[in-house]
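These notes are about the structure you will find just below.
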Amino acid sequence: YDGHLCLFDYSQNLVLDASVHQSPITSVCVVPSSSSDTESRILASSSHDLTACLTRIFLSPESPTAFTIASLHLHTSPLSSISTDPSGSHLLTSSWDGLIDVYDTSIPDDHQVNLERGDDRKKRRKTAPANIKRKAPMAVLESHTARVSKALFAASESAQGKAYSCGFDSTVRTWDVESGVCINTVNVPERPILDLAETPDGNVLLAASTDRTVSIFDLRVSSLSSSTGTMMHSVTPSSIATSETGKHQVVTGSYDGVARLWDLRSTKGAMTNFRVWDGMKVLAVDLAGNVVGIGGEGGMEVWRIAGGS
Amino acid sequence: MAVTGLGKVRNKRKQEEVEEVEKGPFVGAVDLEMQSEDEAEDEDQEGDDASDDGDVDEFPEIDAASDSEEESEEEEEEDTDDLNEEDTLDENSDADSDLHIFPKSKKVVSDITGQTKVVYPEIEPDYDSDSSTEDDPNRVGNIPMHWYDDLPHLGYNINGKRVLRPAKGDELDKFLQTVEDPNSWTTAFDKNAQMDKPLSAEELDIIRRLQAGENPDAEYDPYEPTIEWFTGKGKEEVMPLSSAPEPKRRWLPSKWEKQKIMKIVRAIRQGRIVGSKPTAADKKQQFYAIWNEPPSNQPPPLPAPKPKLPTNSESYNPPEEYLPTEEERKQWENTDPEDREGDYLPHKYPALRLVPAYDQFIKQRFNRQLDLYLAPRIQRVKLNVDPNSLLPKLPTPNSLRPFPNYKSLQFMHTKARVRCLSISPDGAWVASGDESGVISLWEVNVGREVKRWSLSSKVGAIEWCPRLDACFFVAGTEERLHFFIPPNISPAMLTMTQSTLAPPTLPPATQSSIKWISTSGATEDGPILTIELPSASGLSRQLTWHRKGDYLASVSSSETQGSVWMHQISRRHSQAPFKKIKGAVQMVLFHPTKPHFFVATQRYVRLYNLAEQKLLKTLMPGIKWISSMDVHPSGDHIIVGGYDRKLCWFDLELSEKPYKVLRYHSRAIRSLHFHPTYPLFASSSDDGSIQIFHARVYSDLMTDPLIVPLKILRGHDVQEGLGVLQIKWVNKQPWLVSAGADGSVSLWCS
């Protein structure tokens, strides 16, 4: 919430601290690059200041540096999420104004969006260096009637070019990114959805909503019209993540400071609870292998899932 | 003989009468003689009468048919009596003997001897005759016959000879006689003759009559014609039937009557008996015109319906389909007699003679007695009312989803209690202000503070502008109103907001005691515009926007005049709409659709028309101290809450009295809010609880609003007697944000 991007290694050392935005950052993702350069990565981040930024970081051991290389413009409301496709060529941003924008990750040569007002430009010039290129979206996906909370690309090869999004209008929509058309809409009445995740095999979509449930949507059903299952929580689940290796493992973080590990095959109750903080909210979780990263009001913690714990 | 003796006495008296009569100058001798003749003639009959009491007047047994004969006889005898009158008078005894010599003898010259002899006529036995004249060989009379039991004879005959006992057969003879003799059943044992005698036809007739209960006399005629003794001409009763003198008591005043009357007279004189006064009604005669009523033109009363005929099921041998099964019989027996369908169960009997006596007889008779005694048949000891049936039929809360039911997140103001909060019209941001002057802006969903403003004095009210093209909110502090722009809004909206609040060309300043101060250089860290209210107006307690976002009304906490101000943003002008207000203004509200303005004072809610500048209506909630109110988005309904725990629902079209009064909170109500889109409203109270109600308002005017209590949300702590101070609904979502005295702001999600 202070507009900084921080990079940590596993030994709890702060590697990099870069101030990217002036406003709270809502979401961040690593753009996979095809280049073999292991030292540099591009991070995409979305913020309340109506933009998303592409930041190139150089992970040289002695002096890691970060440069913001481009800012993505169009939204008129704070952005809620940003995500990339597996190949790293496209970005999806979702915003509170009900729009989903599609960007590519190439760095343009000049500004594609002109700032409207002189004093506004002056203000921005003061704070942001001029080498940040402003980018316009390739396409705008427009169908949601309320705030879009998450948009992400489909993971599986069979659903190439598709994207999923969810919002406070209690819908989960499937998009064809190329044409910018909404293919399918699933309506779950009176469940504003906060977060969305997809299993790596691309079969199951998980949506966390404010009525303390995580809805499960089975994408294999051809005409999906409602949720196929729910996982009940005691408090609001704020974030959800799936693992690339463990096929059925899901981690949800909730507002009581507890991260729960679920198995998709038994949705009755959580497998494990991590009580991370008392009285502080978990805002983001990630799952990589058997490592859980939990971010929230209390900081950032990494937990390792042992075999039986 | 008694009769003759009496006759002598009678004749003596007659003599005296006759002598008196002869002395009297006026009495004709003929009448007297006739009477005496009568007496003499019917002596045997009169003798009985004379022996009785003189008062009893009995008719002499005289045959009507023999009247004429008697007349002639009398005339004949008159002559004879005239002839031997002296003899009769002289020789009474002779006359007597003459009367009793009977029958008269005749002197006949005997054929044999040629001399006269006295011959008596044959005695004809009659009722008058002695029974001794009967032809009976045994003449012992009416004596106990066992006197002759051990004698060879039975008695003596009329000549004094012995009457020998007849031969008596043994039992076998008797039996044979009864068998052989066909007349044996009409024979009877004659005690006198000591033998069986056949009964005569007359005796059998008497027996038959006695058996039939008739008069034994065959001659008796029960239907004799009436004998009219004194009717008809010449037969009038002239003389008394009895010659007995009138008793003395008939003409002497009664001593006892006199005593009784004197007692009453004395009581009247002493005033112990007062006669009843004649009433006024008695004076005037009353007449009832009973025939003057006009004939009724109503139809005659209907005849009673015919009782239902018995059906097959009431038969003693009903068809099989009428017979109840075992379950039906059990169910019938288990139900109360009042709840049964019929009052009997069909039952099958193989024969009519096997049908038992009616088992309900005693019971029905008893009930009939109860009816006559005016006692109720059914005695219900207690009222059997299902308590659930008294509850109103309300839909279940589950069918009225969504509504907030759990606390999703909590935002803490660490320093002081949170007085006020407001939610942006797009439902994304919450601004909450506490008493230490800190205003925090945070996301509804995440609950992380994005921006914070610190003011010098405590914040009394915060309100977002309802405009969608501009985004700013107003915070009311001590004597000031501050306008803030939240960060991170789109450039178009930012410029619109800035031009609204701080236009480059200011409109002409108006004469007012209110100063509008624009902060030059739009900084995001301070207020862009400040309105300075007159001094000593105190904490601005409430702010409310008109729905178009141009007018803002503020209420200050001071009790003086001018606590209500109306601010117009476009003209940068403020005015006090009321010159004088009775009572302290608690709250003001704009009508959502009409140019009306609600003002809640301590006791009443007044509705003003702002365009016409007049008072429309005064609502009387009956609350001692109004704390809060809110108007339904349709504008036709208003809820008013008070410090005395009552919540009143008004239908503005209905009346000035509340349509419904809800008293669910245990402490004072602090805040009320209608949801802008969902049919929900919520009330918060000093008991630390928030109550959610479903309030569905129907568009047709016939149906009453449906108010269903849904949920009580608890989670705020009560500190220093203060609970939940303000609640606000999130636009477009069924979420509620509440600010409590414990410094926490909570988001309640569905």
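The values are calculated or read from the model by the stated rules, or taken from the named source; none is laboratory data. Note that the structure is a prediction, hence the values are computed from the model and not measured. A quick note on method: Cβ atoms are made from the backbone with ideal geometry, for glycine too, and the neighbour counts reach across all protein chains shown. Surface accessibility is based on the protein's heavy atoms, side chains included, excluding ligands, DNA and RNA. Shrake-Rupley method; radii C 1.70, N 1.55, O 1.52, S 1.80 Å.
Data table
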item: Label-to-label distance, nm, for residues given as B:ARG377 and B:THR703 (7 Å Cα→Cβ offset); result: 4.5
item: Cross-link partners of B:LYS308 among lysines (Cα-Cα below 30 Å; sequence separation of 8 or more within a chain); result: B:LYS330, B:LYS348, B:LYS363
item: Rounded accessible area of B:TYR220 (nearest 10 Å², 1.4 Å probe); result: 120
item: Point-charge dipole on Cβ atoms (K/R +1, D/E -1) for segment B:412-580, about Cα centre, debye to 20; result: 360
item: Under 17 Å from the Cα of B:LYS106 - lysines, other chains or at least 8 residues apart; result: B:LYS117
item: Heavy-atom SASA rank of B:TRP229, B:TRP453, A:TRP96 (probe 1.4 Å, accessible area, largest first); result: B:TRP229, A:TRP96, B:TRP453
item: Cα-Cα pairs of segment B:412-580 separated by more than 30 Å (percent); result: 12
item: Packing rank of B:401-410, B:682-691, where each peptide gets the mean count of other beta carbons within 10 Å, highest leading; result: B:682-691, B:401-410
item: Label point distance in nm, B:GLN270-B:ASN609, each placed 7 Å from Cα along Cα→Cβ; result: 9.1
item: GluC sites (Glu not before Pro) restricted to DSSP loop in segment B:298-404 with at most 12 other C-beta within 10 Å; result: B:GLU338, B:GLU341
item: Segment B:423-467: Cα Rg divided by the 2.2 N^0.38 Å rule of thumb; result: 1.14
item: Normalised alpha carbon radius of gyration of segment B:348-436 [divisor 2.2 N^0.38 Å]; result: 2.95
item: 10 Å Cβ neighbours from other chains, averaged over peptide B:400-409; result: 4
item: Cross-link partners of B:LYS580 among lysines (Cα-Cα below 24 Å; sequence separation of 8 or more within a chain); result: B:LYS515, B:LYS594, B:LYS614, B:LYS617, B:LYS624
item: Coil-residue chymotrypsin sites (Phe, Trp or Tyr not before Pro) of segment B:296-363, DSSP, other Cβ within 10 Å capped at 12; result: B:TYR344, B:TYR358
item: Summed buried accessible area for A+B [probe radius 1.4 Å, Å², rounded to 100]; result: 2200
item: Two-site FRET efficiency, B:ILE206 against B:THR113, from Cβ-Cβ distance with R₀ of 56 Å, rounded to 0.05; result: 0.75
item: Loop GluC sites (Glu not before Pro), segment B:189-295 (other Cβ atoms within 10 Å of the site Cβ: 10 or fewer; DSSP); result: B:GLU219, B:GLU228, B:GLU236, B:GLU237
item: Rg(Cα) / (2.2 N^0.38 Å) computed for segment B:563-633, rounded to two decimals; result: 1.12
item: Label-point separation, B:ARG365 to B:ALA289 (7 Å along Cα→Cβ), nm; result: 5.5
item: With all protein chains modelled, accessible area of B:LYS732 [1.4 Å, Å²]; result: 130
item: Given B:LYS415/B:LYS548; A:LYS268/B:LYS407; B:LYS415/B:LYS660; B:LYS393/B:LYS646, the pairs whose alpha carbons are separated by over 32 Å; result: B:LYS415/B:LYS548; B:LYS415/B:LYS660
item: Cβ neighbours within 10 Å from other chains - mean over A:19-25; result: 2
item: Within 10 Å of each Cβ in B:440-451, the average number of Cβ atoms from other chains; result: 4
item: Dipole magnitude (debye, nearest 20) for segment B:613-689, charges at Cβ of Lys, Arg, Asp, Glu; result: 240
item: Diffusion coefficient, µm² s⁻¹, Stokes-Einstein with Kirkwood Rh over alpha-carbon pairs of segment B:158-271 at 25 °C and 0.890 mPa s; result: 106
item: Computed P(r) (all Cα pairs; segment B:662-750; 5 Å bins; percent); result: 3, 15, 25, 23, 17, 9, 5, 2, 1, 0
item: Segment B:406-494: C-alpha gyration tensor shape, a/c 1.5 cut-off, then a/b vs b/c; result: oblate
